[in-house]
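The values are calculated or read from the model by the stated rules, or taken from the named source; none is laboratory data. Keep in mind the model is a prediction, meaning the values are calculated, not measured. FYI the Cβ positions are ideal-geometry reconstructions off the backbone, even for glycines, and counts take in every protein chain you see.
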Amino acid sequence: MKLIDSIVQFQTEIQQIRRDIHQHPELSYAEHRTSDVVAGKLKEWGIPTIRGLGGTGLVGIIKNGTSTRAIGLRADMDALPMQEINGFEHRSKNDGKMHACGHDGHTAMLLGAAHHLSRHKNFDGTVYLIFQPAEESGAGAKSMIDDGLFEQCPIDAVFGMHNWPGTEVGTFGVAAGAMMASANEFEVVIKGKGAHAAQPHKGIDPIMIAVQIAQSWQTIVSRNASPLESAVLSITQIHSGSATNVIPDEATLIGTVRAFSTGMVDLIERRMQTIAEHTAAAFDALLEFEFKRNYPPLINHAKETAFAVEVMHAIVGEDKVNTQVEPTMGAEDFAFMLQSKPGCYVFIGNGEGAHRDAGHGLGPCNLHNPSYDFNDDLLPLGATYWVRLVEKYL
């Protein structure tokens, strides 16, 4: 592994930053302290910043030479609304909030790269260091774009990275094309007519209608979607009723749809609505159908992916880079940036969890798990990847 010496020497400070952020997790659009910490470090290192993009988002800018070429590097900053069960020293101090996805590490890796790039400007052009809020639930990438990110920071390509537990430290994973799914949610309210449970003929039972709709929806992926495309339709909540002897007026179905193409989402939404409306009509019930598209599928661009693979090969070797990583049905709002600009998103191995300090929870070191902790051994590797990406691109 070919790490940059100055970054390795700086690892202790990067780790301190990472653990400080871990101790003070903040939820989407509330990353005020985190944003201040990042801005303070950038200022300390002489890096000018733009603040207020997407609310708490900010961008550090490093220029060198005369080229007009520019590259964007993105890290997310927000935490999750969950209780950490780890007991080690740098555990969360904010009840009900936890960095259980490693965004503290992502922020620290980009800061490590920023420190090196500000001192060793071995490139010709501009680097935009994008520290983004609200990846977990608020589409912070879209908010930054809507606030003029790419007008104020006219980049040629943008790159992102996420730690991946269960994958060996010192490895990377990437795939050209679809790498993460779109995230969509639905809520359907069936309006029937309440009645006594002993006299169902006097009402319109919304629960039975909900059952019919739920069962019929499961044929969409198996009978309407191409078997060569992956999609998931999951009903995760059914709400109705308040007593054993009352047929309620309403029933609600809530859930999520995941797919790797917008066309597939279009198909699923259309069939869901048609099936739901016609089923309700068959039972003389009314229906409200809402389908919300949260994050689009994350699609890596071929040219930029090939470029990123070259950089990773040079750092860890070809045998440590999986260029056919299995796409995941998880979603990531970096997809919005890849809709606007060419670029590539990669996974960096976070290990199996043996890195965790004494006092960690008994659960696995998986993303969104209360026993999770970012692996600090990744810090110099991730920062090195960012720096080499910049130096090769510019």
Some residue of segment 279-289 being touching a Cys at 6+ places or on another chain (Cβ under 9 Å) and of a type in the set (D, E, K, R): no
Residue list for segment 151-197, filter: in contact with a helix residue (DSSP H, G or I) (Cβ under 8 Å, 6 or more places away or on another chain), in a strand (DSSP E or B) and among the β-branched types (Val, Ile, Thr): 158, 188, 190
Counted residues, segment 135-174 - those being touching a strand residue (DSSP E or B) at 6+ places or on another chain (Cβ under 8 Å), hydrophobic (A, V, I, L, M, F, W, C) and more than 17 Å from residue 304 (Cα to Cα): 7
Out of 229, 277, 290, sole residue that is among the acidic types (Asp, Glu), in a strand (DSSP E or B) and assigned by TED's automatic domain parsing to the domain that holds residue 195: 290
Complete set of residues in segment 198-222 that are in a loop (DSSP other than H, G, I, E, B) and loosely packed, with under 15 Cβ neighbours inside 10 Å: 198, 199
Neighbours by Cβ (under 9 Å, 6+ apart or cross-chain): first from segment 73-85, modelled with pLDDT of 95 or more; second in a strand (DSSP E or B) and polar (S, T, N, Q): 74/132; 75/132; 76/132; 77/132; 78/132
Elements of type strands (runs of 3 or more DSSP E) in segment 13-129, at least 2 residues being buried (at least 24 other Cβ atoms within 10 Å of the Cβ): 57-64, 70-76
Qualifying residue in segment 172-184 (condition: touching a residue at least 60 places away in the same chain (Cβ under 8 Å), in contact with a Gly (Cβ under 8 Å, 6 or more places away or on another chain) and not small (Gly, Ala, Ser)): yes
Inter-residue pairs, beta-carbon under 7 Å, first closer than 10 Å to residue 271 by Cα and in segment 217-229, second of a type outside the set (A, V, I, L, M, F, W, C), 6+ apart: 220/271; 224/271
Among the candidates 346, 311, 321, residue that is modelled with pLDDT of 95 or more, crowded, with 23+ Cβ neighbours inside 10 Å and more than 30 Å from residue 83 (Cα to Cα): 311
